[in-house]
Amino acid sequence: MDADAVVVGSGPNGLVAAVTLARAGRRVLLLEAAERFGGGLRSGELTLPGRVHDLGATVMALALASPAFRELKEVGSLKGVEFAHPAVPAAHPLDDRPAVLVHRDPRRTAEALGRDAGAWLATVGATARAGFPLVELLLKPLGPWRVPPRTFAQAARFGVAGALPATTFARRAFSTVEGRAAIAGMAAHSMLDLRSPISAGYGLLLAALTHLVGWPLVRGGSQVLADTLVAELRSLGGEAVTGHRVRHLAELSAPTVVLDVTPRELLAMADLPAGYRRRLERFRYGPGVFKLDWALDGPVPWRDPAVAGAGTVHLGGTLEEIALSEAETAAGRHSPRPYVLLVQPYAADPTRGGHTLWAYCHVPNGSAVDMTDAVETQIERYAPGFRDRVLARHAMGPAELEAANPNLVGGDIGGGLASLTQFLRRPVWSPAPWRTPLPGVFLCSSSTPPGAGAHGMGGWQAARLALRSGARP
Ligand SMILES: Cc1cc2nc3c(=O)[nH]c(=O)nc-3n(C[C@H](O)[C@H](O)[C@H](O)COP(=O)(O)OP(=O)(O)OC[C@H]3O[C@@H](n4cnc5c(N)ncnc54)[C@H](O)[C@@H]3O)c2cc1C
């Protein structure tokens, strides 16, 4: 194909870039290294025949909130994708007391927090009430914005709290074990030491999305979303190829190239000016994850039965315990009682061939330690008898994750450390960090703003820049 644009990599960012360019009339060729499209949206039978597991993202809160996906939905590019909502977006079990349940309804969530009810509504609730305009500002930190002026005031208020370390924010704003633990569970998604600046911001945003859009998953597996976008690309005249790893930009002859790759891969595939090369070499990757998928013969036997209705479950106990676990990881050690992020898709989607489950804990980047026992022990702590339900398990440490997807450098699922520095310099300090110094070459992965998550915003930004740069049909 004589393409106007080649997109390398078919994660959510690459897919959004490819469809956006194709919708603008460009002839697009999408090249994917793996045997299936999707990157972090891939699904497969990891345990037993007929059991559908998501290899990466399951929770589609960021997709639903993302201006890019909202635009694609409006124009009909997501036809056939059904989002299934669990009864409860997220739960946080605690020892010897009821679990914290984060409901769609902020008031219902707050009521169960006792004297922290007001704090929840004034922080998480206020962020959710600010709605899509605030989310747009947060997912497009460098613009362009089309938001009402009051959103900037709401963003400033969000910024004051969100800039704090999660530990400081949780202790200042909340006084109960439950309220503080709930914030820690949310903030730990960032993979940051919870004593780091802006870790509160990630927690606040993710918690607010439970109320604003819910934490749904894609019926049938995240692969359905990826395959729908590939079908849309093809219907627009584009071509999409799997099993094609691009090793050097010299292989590509199109006037526009959009790369859904990390800075490490860009360094390996391009002859870059020395200054830019040095800046990319300074880019830092975050901790890795150790991920387990299970086929179960029934639901997880949670001690608190209310947890059964939750799509996502945060395990690890109190703010102090979770903060310790994340501090250990950040210091390059393995926590013996790790924070565990667990997703039970069957709570919302009966089409995955039975009770499938996944969970991961954070580990130092590149770790080769088997964390199966530590993760399962944390589950047993809140669900005694869990191991008896396991029919089959599948484990992926950093090496296996990276082998499946070169963007998961050392098992880092965030495309680079989510620190304050790398929020501002992702991967370089620039008003348009998606642009590289090479004419017509753009970077769109989660190593660009706004960072990790299945929101496609890096792809949307890179495609927009490419179109403005005058790549011709
Ligand atoms: C276990 C796990 C759980 C997660 N859970 C969630 C969640 O619940 N919700 C959420 O929002 N996010 C989640 N994430 C994060 C989310 O998946 C990522 O942030 C997102 O997929 C990043 O999108 P991307 O397009 O930048 O890159 P990726 O999705 O990583 O895709 C990059 C693609 O590019 C391909 N590629 C790389 N180099 C080349 C090359 N040289 N040639 C050809 N192809 C190449 C790769 O094979 C890959 O398919 C999770 C991630 C993981 C791994």
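The protection proxy used here, the mean number of other Cβ atoms lying within 10 Å of each residue, ranks peptides 84-90, 428-434, 143-149, 38-44 as follows, highest first: 38-44, 84-90, 428-434, 143-149.
What fraction of the Cα pairs in the chain, stated in percent, has a spacing above 37 angstrom? Write out the running numbers ahead of the final one.
Values: 23134 of 111628 pairs.
Roughly 21 percent, rounded to a whole number.
Can you find, among Leu206, Leu94, Gln154, the residue farthest towards the positive end of the dipole of the range 87-212? Put +1 on the C-beta of Lys and Arg, -1 on that of Asp and Glu. Farthest along the dipole direction, towards plus: Gln154.
Taking Tyr285, Tyr360 and ordering them by how much accessible surface each has at a 1.4 Å probe, largest first, produces Tyr285, Tyr360. Antiparallel beta bridges, as assigned by DSSP with both residues in the chain, represent about 65 percent of the total such bridges. Inter-label distance, Ser235 to Asp96: 5.8 nm, where each label sits 7 Å from its Cα along the C-beta direction.
Label-to-label distance, Phe132 versus Arg284, with points set 7 angstrom from Cα along the beta-carbon direction: 3.7 nm.
Our summary of shape: the Cα atoms of the range 87-212 have principal axis extents of 48, 29, 23 Å, ordered from largest down, in whole angstrom.
Here the translational diffusion coefficient of the range 1-75 follows from Stokes-Einstein with Rh set to the Kirkwood radius across Cα pairs; for 20 °C and 1.002 mPa s it amounts to 155 µm²/s. Here the scattering of the range 172-313 is modelled by Debye summation over its C-alpha atoms, one equal scatterer each and no solvent; at q = 0.13 Å⁻¹ the log10 of I(q)/I(0) is -1.01.
Starting from the Cα coordinates of the range 12-132, work out the convex hull volume and express it per residue in Å³.
Working: hull volume 20.0 nm³, N = 121.
Hull volume normalised by residue count: 165 Å³.
Subtract the Cα-Cα distance of Asp271 and Val75 from 0.36 nm times their separation in residues, and report this length gain in nm to one decimal.
Numbers: separation 196, 0.36 × 196 = 70.56 nm, distance 3.81 nm.
Contour length minus Cα-Cα distance gives 66.8 nm.
Electrostatic bookkeeping for Ala34 treats Lys and Arg as +1 and Asp and Glu as -1; over the other residues with beta carbon under 14 Å from its beta carbon, the sum is -4. In order along the range 365-379, the Karplus-derived 3J(HN,Hα) couplings, from 6.51 cos²θ - 1.76 cosθ + 1.60 at θ = phi - 60°, round to 3, x, 4, 10, 7, 7, 9, 3, 5, 4, 5, 5, 5, 5, 5 Hz, and Gly and Pro are given as x.
Stretched out fully, how many nm does the piece from Arg387 to Glu82 gain, at 0.36 nm a residue minus the Cα gap? Kindly include the intermediate steps, with their values, before the conclusion.
Values: separation 305, 0.36 × 305 = 109.80 nm, distance 3.17 nm.
Stretched out fully, the Arg387 to Glu82 stretch lengthens by 106.6 nm.
Per residue, the average separation of C-alpha pairs within less than 8 Å and at least 6 apart gives the range 290-434 a relative contact order of 30 percent. Rounded to the nearest Hz, the phi-derived 3J(HN,Hα) couplings of the range 302-311 under the Karplus curve 6.51 cos²θ - 1.76 cosθ + 1.60 (θ = phi - 60°) are 4, 4, 8, x, 5, 5, 4, x, 8, x, where x marks glycine and proline.
Of the accessible area of the chain, computed with a 1.4 Å probe over protein heavy atoms only, carbon and sulfur atoms account for 54 percent. Principal axis analysis of the Cα atoms in the range 114-154 yields extents of 40, 17, 12 Å, listed in decreasing size.
Counted over all Cα-Cα pairs of the range 285-404, pairs farther apart than 22 Å make up 33 percent.
Would you please put 70-78, 6-14, 268-276 in order of how densely packed they are, using the mean number of other Cβ atoms within 10 angstrom per residue and starting with the highest? All intermediate terms of the calculation are to be shown ahead of the outcome.
Working: 70-78: 15.9, 6-14: 31.1, 268-276: 14.1.
Highest mean packing first, the order is 6-14, 70-78, 268-276.
Normalised per residue, the accessible area of the range 97-235 is 38 Å², obtained with a 1.4 Å probe and no contribution from ligands, DNA or RNA.
Given a Förster distance of 25 angstrom, what is the FRET efficiency for Arg157 paired with Arg108, based on the Cβ-Cβ distance and rounded to 0.05? Before the final figure, lay out each step's value.
Values: r = 24 Å, r/R0 = 0.95.
After rounding to 0.05, the efficiency reads 0.60.
For the range 401-473, the square roots a ≥ b ≥ c of the C-alpha gyration tensor eigenvalues yield an a/c of 1.5 or more together with a/b exceeding b/c, which makes the shape prolate. Solvent-accessible surface of the range 238-358, averaged per residue with a 1.4 angstrom probe and all protein chains in place: 37 square angstrom. Each Lys and Arg Cβ is given +1 and each Asp and Glu Cβ -1; about its Cα centre, the range 12-73 then shows a dipole of about 280 debye. In summary, the range 337-473 shows an alpha-carbon radius of gyration equal to 1.36 times the 2.2 N^0.38 Å reference for compact globular proteins.
Grab the other residues whose beta carbon is less than 12 angstrom from that of Pro406, score K and R as +1, D and E as -1, and report the net.
The answer is -2.
Once you have the Cα-Cα distance between Arg333 and Trp429, take 0.36 nm times their residue separation minus that, and quote the gain in nm to one decimal. Numbers along the way, then the final one.
Numbers: separation 96, 0.36 × 96 = 34.56 nm, distance 3.04 nm.
Fully extending the segment from Arg333 to Trp429 adds 31.5 nm.
The values are calculated or read from the model by the stated rules, or taken from the named source; none is laboratory data. Keep in mind it's a predicted model, so treat the numbers as computed, not measured. Virtual Cβ from ideal backbone geometry, glycine too; neighbours counted across all protein chains shown. Areas reflect the complete protein model, heavy atoms only, side chains present, ligands, DNA and RNA absent. Shrake-Rupley method; radii C 1.70, N 1.55, O 1.52, S 1.80 Å.
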